[in-house]
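Some notes on the structure that comes next.
The values are calculated or read from the model by the stated rules, or taken from the named source; none is laboratory data. Predicted, not measured: the structure shown is a model, and the values here were computed from it. Heads up, the Cβs are rebuilt from the backbone with ideal geometry, glycines too, and the neighbour counts pull from every protein chain shown. Please note that ligands, DNA and RNA were not included when accessible areas were found on the heavy atoms of the full protein model with its side chains. Shrake-Rupley method; radii C 1.70, N 1.55, O 1.52, S 1.80 Å.
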Amino acid sequence: MIHVEVELGERAYPIHIGADLIDREALFAPHIRGTSVAIVTNTTVEPLYGTRVRAALERAGKRVQTIVLPDGEAHKNWQTLNQIFDALLGQHADRKVTLVALGGGVVGDMTGFAAACYLRGVPFIQVPTTLLSQVDSSVGGKTGINHPLGKNMIGAFYQPQAVIADIGTLGTLPQRERAAGLAEVIKTAAIADPAFFDWIEANIDALNHCDALALARAVKRSCELKAKVVAADEREAGLRAILNFGHTFGHAIEAGLGYGQWLHGEAVGCGMVMAADLSVRLGLLDEITRERLVRLIGAAHLPTRAPALGTDRYVELMQVDKKADSGTIKFILLKRIGDTLITGAPDADVRATLAASI
Ligand SMILES: NC(=O)c1ccc[n+]([C@@H]2O[C@H](COP(=O)([O-])OP(=O)(O)OC[C@H]3O[C@@H](n4cnc5c(N)ncnc54)[C@H](O)[C@@H]3O)[C@@H](O)[C@H]2O)c1
């Protein structure tokens, strides 16, 4: 088992990475104050792992309630969030209840937001079961839901007590979901660690084939890098925004197609290709590095061509994105592997990138 610590002073917490961790009651117990726990999961993950997590928590002496949400990004909204509150209030859950988010990023983001709001804040533990949630969404405390006018627009910064990333759960993950997770692994390497980027290039086949050791190493390094950025800038006053590399274009793809058409990671993969194109156009990035990035994204079975939503529509969607500051769309651009620049860009260049990417 590997440990990574997210250094956030009194809000610091451990990330545990390894196989069969969801059966280890000793990993859960130190992070649960009271005797009551609510597992929040969904209709896909509950039959796969619900019983094992529940059994571990019961062995730790906890009274366990399970809340099963509908599956999918389309359900990451107020109605589904309210189901969590209904179930907790229905069971008279008090301030000492601990929520356990068992599932991918959608369950994790919603459970974290529910934990931030319920009785003005109760503790929660992340048990991410997708590659994307293990390498990215479970770490860093961004929680929330979507609004019809924009993704993740309603939410809170709220840190978990611990993250328990069981690599074994990735065995049941569909290949398309695994690829979507690799997008965030590639993103983290591209913005922060050239040696890790080299390693991913050399090990992309093993990662594509769900090799446990390769996945554990990818999760560990991604978490270490993300933890470092989050520790330096918990509330995204500056540096943390680099984690949004590929997301300005990616969010526009997701919102434009309708949430759930493309997976978040697929949109981020294509968004990185578009951000790299814009970086070259602005003279920041060399063509060879752009090609390297595009090749790796393609090798991870991620889309490298954007859906044809229309240039005006893309611009409109990107203006809604929360990184648009006083009307200027902010882009996270690449100068080289491991080095980024956050900047606005001339409309003509953005439109040229959009035209070239479709
Ligand atoms: N909070 C953050 O910092 C942050 C960062 C990145 C992404 N996100 C959010 O994360 C979400 C995407 O997360 P995701 O990619 O995990 O999607 P997801 O939560 O929708 O999970 C993908 C699919 O896999 C299923 N699944 C989960 N675990 C499984 C397993 N072990 N075996 C089989 N199926 C399994 C899910 O039920 C779902 O159908 C988006 O809403 C995105 O906005 C948040």
Could you tell me whether segment 234-255 includes any residue that is of a type in the set (Gly, Ala, Ser), under 20 Å from ALA165 (Cα atoms) and assigned by the TED database to the domain that holds ALA195?
no
Considering residues that are open to solvent by 30 Å² or more (accessible area, probe 1.4 Å) and assigned to a helix (DSSP H, G or I), the number found within segment 326-358 is 7
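Kindly indicate the residue of segment 110-125 that is in contact (Cβ under 8 Å) with a residue 60 or more places away in the chain and within 23 Å of ALA74 (Cβ to Cβ) and also surrounded by the most Cβ atoms within 10 Å (Cβ to Cβ) among those meeting that condition.
Kept after step one, since they are in contact (Cβ under 8 Å) with a residue 60 or more places away in the chain, are these residues of segment 110-125: 110-111, 114, 123, 125.
Okay, now just the ones that are also within 23 Å of ALA74 (Cβ to Cβ), so 110-111, 114.
Working: MET110: 27, THR111: 29, ALA114: 27.
If we take residues in segment 110-125 being in contact (Cβ under 8 Å) with a residue 60 or more places away in the chain and within 23 Å of ALA74 (Cβ to Cβ), then THR111 is surrounded by the most Cβ atoms within 10 Å (Cβ to Cβ).
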Expected output for segment 157-175 (first residue acidic (Asp, Glu), partner more than 8 Å from the ligand (Cβ to nearest atom) and not in a helix (DSSP H, G or I), Cβ below 8 Å, 6+ apart or cross-chain) is ASP166/GLY18; ASP166/ALA19; ASP166/ASP20; ASP166/VAL127
So the check is Cβ under 9 Å with 6+ separation or different chains; which pairs have a first residue in segment 13-40 that's assigned by the TED database to the domain that holds LYS220 and a second one that's surrounded by 15 or more Cβ atoms within 10 Å (Cβ to Cβ) and assigned to a loop (DSSP other than H, G, I, E, B)?
none
Pairs needed: first member in segment 97-109, free of Cβ contacts under 8 Å to residues at least 60 places away in the same chain and near the ligand (Cβ under 6 Å from one of its atoms); second member anywhere, open to solvent by less than 10 Å² (accessible area, probe 1.4 Å) and not basic (Lys, Arg); C-beta distance under 6 Å; at least 6 residues apart or different chains.
ASP109/GLY144
Of the residues that sit in segment 111-153 and are of a type in the set (A, V, I, L, M) and closer than 20 Å to GLY260 by Cβ, which one is farthest from the ligand (Cβ to nearest atom)?
LEU149
Pairs, first free of Cβ contacts under 8 Å to residues at least 40 places away in the same chain in segment 41-53, second more than 8 Å from the ligand (Cβ to nearest atom), C-beta under 7 Å, six or more apart:
THR43/VAL68; THR43/PRO70; ARG52/ILE22; ARG52/ASP23
Considering only segment 24-37, I want to know if a residue exists there that is within 14 Å of the ligand (Cβ to nearest atom), surrounded by fewer than 20 Cβ atoms within 10 Å (Cβ to Cβ) and closer than 21 Å to LYS220 by Cα.
no
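Checking the condition within 23 Å of ILE167 (Cβ to Cβ), open to solvent by less than 30 Å² (accessible area, probe 1.4 Å) and within 16 Å of the ligand (Cβ to nearest atom), which residue from GLY72, GLY18 passes?
On the way: GLY72 fails: within 23 Å of ILE167 (Cβ to Cβ).
It is GLY18.
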Sort through ALA195, ALA231, ALA190 and tell me the only one that's open to solvent by 10 Å² or more (accessible area, probe 1.4 Å) and within 23 Å of ALA276 (Cβ to Cβ).
ALA195
Is at least one residue of segment 199-215 closer than 28 Å to LEU99 by Cα and buried (at least 19 other Cβ atoms within 10 Å of the Cβ)?
yes
